[in-house]
Amino acid sequence: MNLIEKINFDLKEAMKSGDKLRLQTIRSIRASILEFEKSGSGKDMTAEVELDILNKAAKKRKDSIEQFRNAGREELAQKEEEELKIISGYLPKQLSREELIEEIKLLAQQINAKTSSDFAMLMPVAAKTFKGKADGKLVKDIVELVLNDN
């Protein structure tokens with residue numbers, strides 16, 4: 001079942017169950033998918049595009065959580081966290097910090113990246129390898145950490 005089919009199925013289930021927050025969140029994902037399809041970009045809906053749409057939605061929620069917490073609006077931050085949990089259910093399993101550190105160390109060895117001057121060589125490979133499996137900022141931080149340890 002591809003993302004569009006899963007979203008449509010989950011949308012119906014959320015309507016039946018009366019889960020308003022889930023319904024609203026799924027509708028926002030569906031709207032992003034429809035916006036892409038009608039954009040006229042000429043691109044097909046691929047797994048990579050689906051992942052981009054979900055990652056953008058998740059990043060938007062993370063940014064909102066931070067903004068609401070900084071403004072002292074905890075109830076709105078909690079709502080965004082619940083939406084983020086729903087969106088995360090459609091994303092691939094995220095790697096833990098420890099798993100990511102080990103994977104990036106292996107990747108650095110494979111491409112012979114050893115010092116911080118090799119950042120430009122390791123970062124693009126790491127970003128592509130862990131796209132959808134880890135937050136981009138976390139990948140960047142760990143690449144810097146791994147290269148600075150050597």
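What follows draws every value from the coordinates through simple rules; no lab data is involved. Note that the structure is predicted; figures quoted are calculated from it, not measured. Cβ: placed from backbone, ideal geometry, glycine included. Neighbour counts: every protein chain shown.
Take the Cα of Glu82, step 7 Å along the line toward its Cβ, and report every residue of the stretch 1-39 whose backbone nitrogen sits under 19 Å from that point.
10-30
By a straight-distance test (C-alpha under 16 Å), which aspartates and glutamates pair with Lys137 as possible cross-link partners, with residues fewer than eight away in the same chain excluded?
Asp52, Asp63, Glu66, Glu98, Glu99, Glu103
Quick one: which of Lys43/Lys133; Lys59/Lys131; Lys60/Lys140 span more than 25 angstrom between C-alpha atoms? Numbers along the way, then the final one.
Values: Lys43/Lys133 23 Å; Lys59/Lys131 13 Å; Lys60/Lys140 19 Å.
Table pairs above 25 Å Cα-Cα: there are none.
Give, as a single signed number, the net charge of other residues whose beta carbon lies under 14 Å from the beta carbon of Ile53, with Lys and Arg counted +1 and Asp and Glu -1. Could you put the intermediate results ahead of the total?
Working: positive: Lys6, Arg27, Arg30, Lys38, Lys43, Lys56, Lys59, Lys60, Arg61, Lys131; negative: Glu35, Glu37, Asp44, Glu48, Glu50, Asp52.
Summing Lys/Arg as +1 and Asp/Glu as -1 gives +4.
How far apart, in nm, are the 7 Å Cα→Cβ label points at Lys131 and Ser116?
2.8 nm
How large is the convex hull of the C-alpha atoms of the chain per residue, in Å³? Could the numbers behind the result be given before it?
Numbers: hull volume 22.1 nm³, N = 150.
Enclosed volume per residue, from the Cα hull, is 147 Å³.
Give me the number: length gained by fully extending Lys62 to Glu37, i.e. 0.36 nm times residue separation minus the C-alpha to C-alpha distance, one decimal in nm.
Working: separation 25, 0.36 × 25 = 9.00 nm, distance 2.50 nm.
Value of the extension gain: 6.5 nm.
What full-extension length gain, to one decimal in nm, is calculated for Asn148 and Asp19 as 0.36 nm per residue of separation minus the Cα-Cα distance?
On the way: separation 129, 0.36 × 129 = 46.44 nm, distance 4.72 nm.
Difference between extended and current length: 41.7 nm.
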